[in-house]
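Any read-out appearing in this document is the output of simple, stated calculations on the displayed coordinates, not a laboratory observation. Values in this document were obtained by computation on a predicted structure and should not be read as measured data. Glycine also receives a Cβ, built like all others from the backbone with ideal geometry; neighbour counts cover every protein chain displayed.
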Amino acid sequence: MKIAVCVKAVPDAAAGRRIDPATNRIDRSVELAISDFDTYAVEEALKLKEAAGGDGEVVVISMGPEKAMDALRKALAMGADRAVLVTDSALEGADLLGTARALAGAIEQESADLVLFGQQSADGGGACLWSAVAERLRQPVISQVSELTNEGGSVTGKRQTEFGYDTIRAPLPAVIAVSDSINTPRYPSLKGIMGAKKKPQDTLSAADVGGAAAAGTTVTALSPPPARGEARKIEDDGSAADQIVEFLAEKRLV
Ligand SMILES: Cc1cc2nc3c(=O)[nH]c(=O)nc-3n(C[C@H](O)[C@H](O)[C@H](O)COP(=O)(O)OP(=O)(O)OC[C@H]3O[C@@H](n4cnc5c(N)ncnc54)[C@H](O)[C@@H]3O)c2cc1C
């Protein structure tokens with residue numbers, strides 16, 4: 001089975017995340033790292049390949065600046081076979097539709113049996129790109145999957161919801177967004193890290209993926225969330241519970 005895993009390179013948490021006041025978008029000029037949520041999707045793909053006795057291929061696909069390839073190497077070090085990065089100045093600042101078009105174009109070229117996503121990116125956090133990509137591919141999608149079973153021609157996902165679980169079966173090819181409770185991503189071994197550099201790492205332009213473009217939306221303004229109302233910080237010196245009850249009573253909440 002050929003599995004494509006979409007991973008996003010996001011500003012490294014250690015570098016801090018800030019909004020670029022010139023564009024009103026996240027500043028991505030800092031060092032990039034693979035979005036943590038996407039390591040669960042890479043792990044699940046590797047587990048499916050291992051369960052098939054090592055048959056098949058795991059390809060990681062991303063859209064981002066050229067330096068995003070450095071972040072993709074973590075997925076290669078974990079065990080993915082190949083990386084494909086869609087990178088082009090025409091795609092700079094791509095919004096949801098632009099990103100979905102570019103990724104769907106790259107995935108179509110791979111003819112993958114299964115496409116895996118993380119549940120959300122660690123920077124944008126929209127938790128919706130997988131549905132836009134599935135729509136463009138005209139493939140079924142199951143999101144928030146905490147357990148995935150491959151039956152050959154179909155997959156079954158146990159989907160976490162607010163009130164319990166849905167169990168959904170979809171014919172292949174299908175798009176699955178995994179939740180961060182599905183597995184424990186492995187750490188790359190030293191051998192994996194050394195080997196990652198030699199694995200195929202291809203780049204595609206916007207033209208290569210069907211002329212995807214950044215699309216026409218602009219962030220015209222940003223408004224900070226409203227300031228918090230009155231807040232009191234309570235340090236627990238043994239009387240925290242009493243202080244909380246007193247505070248709630250003052251507010252007539254108990
Ligand atoms: C005007 C405008 C400009 C924007 N400019 C940028 C920009 O310059 N850079 C930018 O990153 N975003 C930009 N965005 C946001 C852009 O829409 C989102 O990054 C993109 O749609 C993905 O959404 P998300 O980050 O919320 O991902 P989510 O929907 O939260 O991601 C879900 C999953 O999709 C996959 N995924 C997400 N992004 C990628 C990716 N790029 N490559 C591969 N897999 C991915 C991952 O598996 C992830 O776990 C812009 C938005 C607007 C409106």
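Give me the Kirkwood hydrodynamic radius of the stretch 2-209, using the inverse of the mean 1/r over all pairs of distinct Cα atoms, in Å to one decimal.
17.1 Å
In a shell of Cβ-Cβ distance under 12 Å around GLY211, excluding GLY211 itself, what net charge do Lys and Arg (+1) and Asp and Glu (-1) give?
Once positives and negatives cancel, what remains is -1.
Please find the FRET efficiency linking SER205 to LYS47, where r is the Cβ-Cβ separation and R0 is fixed at 35 Å, and quote it to the nearest 0.05.
On the way: r = 33 Å, r/R0 = 0.93.
Once rounded, the FRET efficiency stands at 0.60.
Would you calculate a helix-derived [θ] at 222 nm for the chain, using -39,500 (n - 2.57) for each DSSP H run of n ≥ 4 and dividing by the full residue count, to the nearest 500?
Result for the chain: -8500 deg cm²/dmol, rounded to the nearest 500.
In bins 5 Å wide, starting from 0, what share of all Cα pairs of the stretch 140-254 does each bin hold, as a percent?
The calculated distribution, bin by bin, is 2, 7, 8, 7, 6, 10, 15, 13, 10, 7, 6, 5, 3, 0.
FRET efficiency for GLU31 and GLN243, Cβ-Cβ distance as r, R0 = 41 Å, nearest 0.05?
My answer for the efficiency is 0.45.
Which residues in the stretch 76-107 place their backbone N less than 15 Å from a point set 7 Å from the Cα of ASP20 along the Cα-to-Cβ direction?
88-95
List the residues, sorted by chain then number, that are 5 or more residues from ARG25 or on another chain and whose placed amide H is less than 5 Å from its amide H.
When sequence neighbours closer than 5 places are left aside, the close amide H contacts are ASP20.
Give the percent of DSSP beta bridges with both residues in the chain that are antiparallel, rounded to the nearest 5.
If I count the DSSP bridges inside the chain, around 40 percent turn out antiparallel.
Give the Kirkwood hydrodynamic radius (Å, one decimal) of the stretch 1-81, defined as one over the mean of 1/r across all pairs of different Cα atoms.
13.5 Å
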